[in-house]
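First comes the structure, then the notes that go with it.
The values are calculated or read from the model by the stated rules, or taken from the named source; none is laboratory data. Remember, predicted model here, so these are calculated numbers, not experimental data. All Cβ positions, glycine included, derive from the backbone under ideal geometry; neighbour counts span all protein chains shown. All accessible areas refer to the heavy atoms of the entire protein, side chains included, with ligands and DNA or RNA removed. Shrake-Rupley method; radii C 1.70, N 1.55, O 1.52, S 1.80 Å.
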Number of protein chains: 2
Amino acid sequence: MTDQADPGKGSSNVTRPFQASSEDRVYARLRSAIVKRYIGPGKQLVEESLARQLGVSRTPVRAAIRRLVYDGFVEVVPHRGAFVIRPTRREIEDAFAVRIGLERMAARLAAGCVSPEDLACLDELIEEEAVTFGYRNVEAYYRVNDAFHLKLAEASGNRTLRKFVADVLARVNIYLILFDPFMRLEVNPSPEQHRDIVNALRRRDPAGAEEAVRRHLENTLAGLELDKVAEQYPDDYLAV
Amino acid sequence: MTDQADPGKGSSNVTRPFQASSEDRVYARLRSAIVKRYIGPGKQLVEESLARQLGVSRTPVRAAIRRLVYDGFVEVVPHRGAFVIRPTRREIEDAFAVRIGLERMAARLAAGCVSPEDLACLDELIEEEAVTFGYRNVEAYYRVNDAFHLKLAEASGNRTLRKFVADVLARVNIYLILFDPFMRLEVNPSPEQHRDIVNALRRRDPAGAEEAVRRHLENTLAGLELDKVAEQYPDDYLAV
DNA sequence: TACACAGAAATTGTATACACTACTACCAGG
DNA sequence: CCTGGTAGTAGTGTATACAATTTCTGTGTA
């Protein structure tokens with residue numbers, strides 16, 4: 001079909017600045033708005049309205065929405081519109097099961113090839129995590145927490161695995177933010193469990209790392225207030 | 001942000017015709033062209049040129065390309081263009097590792113909740129598979145083979161898992177088609193191995209099903225002519 | 001009142017024009 | 001010959017206008 005040459009993967013070694021495009025900015029803002037529940041579950045994303053509010057045209061808004069669909073935050077009905085998902089309890093548990101499976105695999109692999117730099121980076125992230133939790137800075141906390149799990153996936157050395165972990169993490173995050181009550185807790189068990197994982201990696205213990213991940217994530221899942229899922233959608237009372 | 005109501009998930013029970021949009025048609029054609037190697041690895045997808053050839057505007061072409069990016073068939077460089085991926089041997093093996101992990105999980109879960117209808121459907125797909133292989137109908141064969149693995153994932157009852165299996169399957173498929181020499185074989189070991197999987201499910205044997213999947217997929221991976229990966233990109237000789 | 005139907009309104013889907021960026025080829029100066 | 005700069009060009013990024021589809025609303029009829 002087309003006949004052009006290839007991009008020459010490494011033709012340029014410099015890391016160019018690549019200022020964020022409108023689409024990227026719109027995507028980031030929409031995603032953040034959904035995660036913070038400014039746009040609640042079930043609400044419609046109207047392209048023109050969002051374009052006006054964000055001061056851009058429909059084109060980048062539309063593209064950003066498609067990315068959100070891909071991430072699993074939004075569902076589209078052709079010729080009808082895009083709507084923020086309303087996850088069911090079952091969907092949350094299912095997504096978590098996939099996450100656990102993928103992260104266990106990552107931990108097992110990482111135990112075999114983790115570098116001292118990786119370990120240092122993971123240690124550092126655990127420290128940051130404790131600090132941000134101390135300040136009750138929700139957004140920063142989730143960012144650091146994500147970074148830890150992504151670093152773990154990266155340490156597996158399997159790029160595809162890292163991408164899939166990133167995907168399922170994004171998907172699970174919205175559930176976490178909707179239903180995770182942990183910010184109300186006095187102490188956060190997460191850093192301790194993260195340390196267990198890193199220690200197993202340091203011992204080069206695949207089974208131990210895998211098990212530590214399993215424990216940690218099942219703990220996280222158990223901590224969600226899933227019995228509150230139904231209450232989260234007041235509109236449902238009208239819908240019946 | 002927006003204030004509209006929800007889509008009322010099941011407000012309309014009728015399944016509407018939903019004729020395929022331009023974007024869908026372009027997506028299907030591009031994907032098929034890549035899979036059939038009409039557009040080889042490394043080649044650029046130029047929006048305007050494709051739009052002319054397909055008789056549509058750039059808009060649906062652009063959207064279709066983004067979907068291909070999401071599927072992992074294509075990579076984009078901002079302000080430069082979209083290029084068909086050139087998988088390395090490592091990437092192929094990595095993707096396969098993820099696939100094995102996810103499908104093992106699916107088999108394990110499916111053993112616990114598979115229905116007689118599911119089993120019948122799987123049996124049927126194995127039959128079809130043998131037939132299409134007999135006719136050496138490559139395209140039909142891959143379609144049926146995919147259907148089998150997707151049905152297996154579906155039988156797990158975990159929707160998220162099904163989606164992730166579909167994703168990794170799409171990603172692995174392009175590798176299979178580029179490097180799988182099996183159509184030259186006299187006999188195809190796949191149906192037999194598929195039968196092993198289904199039999200384990202019928203016995204409600206999670207460990208057995210998982211193991212059968214592992215054997216089957218590791219077999220498939222081993223069958224790829226991965227030592228030919230390098231030769232697949234003649235342009236590389238120029239690029240050095 | 002219930003129902004069918006036509007027209008209007010809202011929103012997405014597509015086409016097209018323009019803006020911006022990155023790369024290329026060429027030319028002058030060392 | 002090599003280096004650096006400078007139009008020119010190819011191709012993406014964005015804005016806007018128009019077409020198509022769906023849903024809503026009101027009106028007429030049984």
- Message: Nearest the rotation axis from B to A, which residue of chain B has its beta carbon, and at what whole-angstrom distance?
- Response: B:Tyr70, 3
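Considering every residue in A:160-168, what mean count of other chain Cβ atoms within 10 Å of its Cβ is obtained?
5
Taking K and R as +1 and D and E as -1, what net charge do the other residues with C-beta under 11 Å from the C-beta of A:Arg195 add up to? Mind showing how you got there, number by number?
Details: positive: A:Arg202; negative: A:Asp123, A:Glu127, A:Glu129, A:Glu192, A:Asp196.
Cβ neighbours under 11 Å give a net charge of -4.
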- Per-residue ³J(HN,Hα) for the range A:85-92, Karplus 6.51 cos²θ - 1.76 cosθ + 1.60, θ = phi - 60°, Hz, x for Gly and Pro: 5, 10, x, 8, 4, 4, 4, 5
- Could you give the distance between the Cα centres of the range B:51-106 and the range A:45-105, to the whole Å? 19
- Query: Measuring label to label, 7 Å along Cα→Cβ, what does A:Ala20 give against each other copy in nm, shortest first?
  - Reply: 3.7
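What chymotrypsin sites (Phe, Trp or Tyr not before Pro) in the range B:70-140 are in a loop by DSSP, with at most 12 other Cβ atoms within 10 Å of the Cβ?
Working: sites: B:Tyr70, B:Phe73, B:Phe83, B:Phe96, B:Phe133, B:Tyr135; in loops: B:Phe73, B:Tyr135.
Here the chymotrypsin sites (Phe, Trp or Tyr not before Pro) that fit, given the DSSP loop and packing criteria, are B:Tyr135.
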- Sorting from shortest, the nanometre distances separating the label point of A:Arg80 (7 Å past Cα along the line to Cβ) from those of the same residue in the other copies are 4.1
- Message: On alpha carbon coordinates alone, what is the Rg over Rh value for the range A:22-84, Rh being the Kirkwood radius?
- Response: 0.91
- Note on the structure: Taking a crude spin-label model, label points 7 Å out from Cα along the C-beta direction, the B:Glu127 to A:Ser32 distance in nm is 5.8
- Would you kindly work out the equivalent ellipsoid of the range A:92-158 from its C-alpha gyration tensor and give its semi-axes, the square roots of five times the eigenvalues, largest first in whole Å? 22, 18, 7
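Enter the mean number of other protein chain beta carbons within 10 Å of the beta carbon of each residue in A:59-71, as an integer. Present the calculation step by step, with values, prior to reporting the outcome.
Values: counts 2, 0, 0, 2, 3, 0, 0, 5, 3, 0, 2, 6, 1.
Neighbouring Cβ atoms belonging to other protein chains average 2 per residue here.
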- Does the range A:89-228 come out rounded, prolate or oblate, given a ≥ b ≥ c as the square roots of the eigenvalues of its C-alpha gyration tensor, rounded meaning a/c under 1.5 and, failing that, prolate meaning a/b above b/c? oblate
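Quick check: with the 1.4 Å probe, what order do A:Cys121, A:Cys113 take by accessible area, largest first? Mind showing how you got there, number by number?
On the way: A:Cys121 45, A:Cys113 65 Å².
Highest to lowest solvent-accessible surface, that is A:Cys113, A:Cys121.
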- Task: For B:Gly134, go 7 angstrom from Cα along the Cα-to-Cβ vector, then report the distances to that same point in the other copies in nm, smallest first.
- Result: 7.2
